[in-house]
């Protein structure tokens, strides 16, 4: 009788605290960008798989990834991990997508966000799938606070984003949104990602150059790019206002606001 009463009490307690009655869904991410969202939003014990890039230098959440299982985006990995939810941006092939559908695994596909509204939507999408809405709103609130602190610092000065391979980013990119969030005007007139015009850069240098991904550049990796041109090197040496790490600009995430803050701090 005593045991039956104890069991009833336990059931009643769980009914009053439904969060204790069911474990968090097992979650797996299929690529480095999805890793960031999973690491930021999922309870650590519920993460059953991350990509091998989760611990790389260009992973914003790499410290949180230490010790968690790393898996390839394959059918075999899916079977071994047994996730309830899979998060992806570009990871996985057609075979894996069919396997996920067949097994009834919930799949959250991130959008390649080109602005901070898109980032907010991605955060909320993953947070809803993992039943972590409060945590998602916390991430968004911190991002918005960074953006508010960065606003207007560039005072409308034109700034050109530049990668080691000589590419820049125009409208329709999160880099463009980051520059504008810090109060800069984007010096690139071409939309999306495009090669830098060496002649234009030398003849009419922007007020500021913002480097991106240079922390990942290997010696000699851009030897065929415009970066080796002496005139361009002079512009970079004299006009660079900030260098944004790959962990901040490599994926469409809330941490792009860190980039806006870095630009604002440099401007001030």
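Applying a threshold of 8 Å to beta carbon distances and a minimum spacing of six or more residues, or different chains, the list of pairs starting in the stretch 140-160 at a residue that is at positive phi and ending at one that is buried (at least 19 other Cβ atoms within 10 Å of the Cβ) reads 152/183; 155/183; 155/267; 156/183; 156/184.
Yes/no matrix, rows are residues, columns are (1) free of Cβ contacts under 8 Å to residues at least 60 places away in the same chain; (2) touching a helix residue (DSSP H, G or I) at 6+ places or on another chain (Cβ under 8 Å); (3) closer than 22 Å to residue 243 by Cα:
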residue	(1), (2), (3)
77	yes, no, no
99	yes, yes, no
111	no, yes, no
136	no, yes, no
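Quick grid of which residues meet (1) out of contact with any strand residue (DSSP E or B) (no Cβ under 7 Å at 6 or more places or on another chain); (2) buried (at least 17 other Cβ atoms within 10 Å of the Cβ); (3) under 14 Å from residue 257 (Cα atoms):
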residue: 101; (1), (2), (3): yes, no, no
residue: 109; (1), (2), (3): no, no, no
residue: 118; (1), (2), (3): yes, no, yes
residue: 161; (1), (2), (3): no, yes, no
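Values quoted throughout were computed directly from the atomic coordinates according to the rules given, and no laboratory measurement underlies them. In this text the structure is predicted, and so the values were computed from the model without any measurement. All Cβ positions, even for glycine, are placed from backbone atoms using ideal geometry, and neighbour counts span all protein chains on display.
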